[in-house]
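Presented below is the structure to which this report refers.
Read-outs throughout are calculated quantities, based only on the coordinates presented, and are distinct from any laboratory measurement. Small disclaimer: the values here were computed from a predicted structure and weren't measured. Cβ sites come from the backbone with ideal geometry, for glycine too, and all protein chains shown count toward neighbours.
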Amino acid sequence: MEKKMTRQEAWELLTEYTETPALQKHAQAVEAVMAHFGRLEGEDEEVWGVAGLLHDLDYEKFPEEHCRKAEEIMRERGVDEIYIRAMSCHGYGICTDTKPESRMEKVLFTVDELTGLINAVCLMRPSRSVLDLEVKSVKKKFKDKSFAAGVDRETIRSGCGMLGMELDDVIRETIEGMRERAEEIGLKGNL
C-alpha cells in the first residue's frame with residue numbers, strides 16, 4: 001500500500017513552492033477534477049486529488065526544469081511513488097518520457113490542459129462562472145485555436161484516446177469537478 005499523503009500535507013508542500021494565486025487556483029481546479037474522476041472510478045478521491053494538487057509543484061520556481069525538479073523535491077520529502085509518477089506523467093511528450101499507464105495518470109494527463117481552457121472560457125462569460133457553463137460553449141472555444149492559444153488541444157485529444165472517452169464526456173465531467181469547488185477556484189462568478 002502506498003504511503004498516502006493528506007490533502008493538508010500536499011497543500012503545504014505546494015504553497016512552499018507556489019505563491020502565485022492563479023497557479024494555486026489552477027492546482028486546486030485540477031485537484032477538484034481529479035477527486036471527481038477518482039469518485040467516478042470508485043477510487044480513493046483524496047489520493048487522486050492530491051496527485052492533481054501537486055502536478056505543477058515546481059512550475060513557478062523552476063519552469064525550465066518542470067517535472068524534473070518536482071520529482072527531485074518529492075523524492076527528498078519521501079513522497080510516495082504514486083504521486084511522483086502521476087506528476088511526471090502529466091508532462092508526457094512535453095517535458096518527460098513517463099507514459100501514463102494507470103487510470104489516474106491518464107486522467108491527470110488529459111484534464112490538466114482542459115481545466116485551463118475551461119477556466120479561460122468561464123472568465124469570458126458574463127456570469128464569470130463554471131456553474132452555468134455548458135459543454136457546447138467549451139467545445140466552441142476548443143475549436144477556436146486563437147482562444148487560450150497556450151492550451152494544447154492535442155494533449156487533450158490524445159488523453160481522451162488513452163481514456164477511451166469522447167471529448168464531450170471528458171469536458172462534461174471536468175466541468176462537474178470544477179463546479180464542486182467553484183468558490184475555492186474562483187469560478188463561482190456572480191451567480
Total charge of the residues flanking Glu65 in space, meaning their Cβ is under 13 Å from its Cβ, with Lys and Arg +1 and Asp and Glu -1, is -3
In debye, nearest 20: dipole of the chain around its Cα centre with unit charges on the Cβ of K, R (+) and D, E (-)? 840 debye
Give the angle, between 0 and 90 degrees and rounded to the nearest 10, that separates the Cα long axis of helix 167-180 from the longest principal axis of the Cα atoms of the chain. 80 degrees
Residue (of Asn119, Pro21, Phe109) at the positive-pole extreme of the chain, dipole from beta-carbon charges: Asn119
Could you state the angle between the C-alpha long axis of helix 21-40 and the longest principal axis of the C-alpha atoms of the chain, as a value from 0 to 90 degrees rounded to the nearest 10? 90 degrees
Checked against the positive end of the charge dipole of the chain (+1 on Cβ of Lys and Arg, -1 on Cβ of Asp and Glu, about the Cα centre), the farthest of Ser146, Val79, Val30 is Ser146
Filtering chymotrypsin sites (Phe, Trp or Tyr not before Pro) in the range 100-154 by DSSP loop and by at most 15 other Cβ atoms within 10 Å leaves Phe147
Cα centroid distance between the range 72-124 and the range 126-191, in Å? 17 Å
Coordinate range along principal axes, alpha carbons of the range 7-180, Å, largest first: 44, 33, 27
Sum up the charges of everything whose Cβ sits under 9 Å from the Cβ of Phe37, counting Lys and Arg as +1 and Asp and Glu as -1, but leave Phe37 out. -2
Hey, quick one: spin label on Glu184, modelled 7 Å out along Cα-Cβ, who in the range 52-85 has an amide N within reach, i.e. under 16 Å? 52-56
So which aspartates and glutamates can Lys139 reach, going by Cα to Cα under 13 Å and dropping same-chain residues fewer than 8 places off? Glu166, Asp168, Asp169
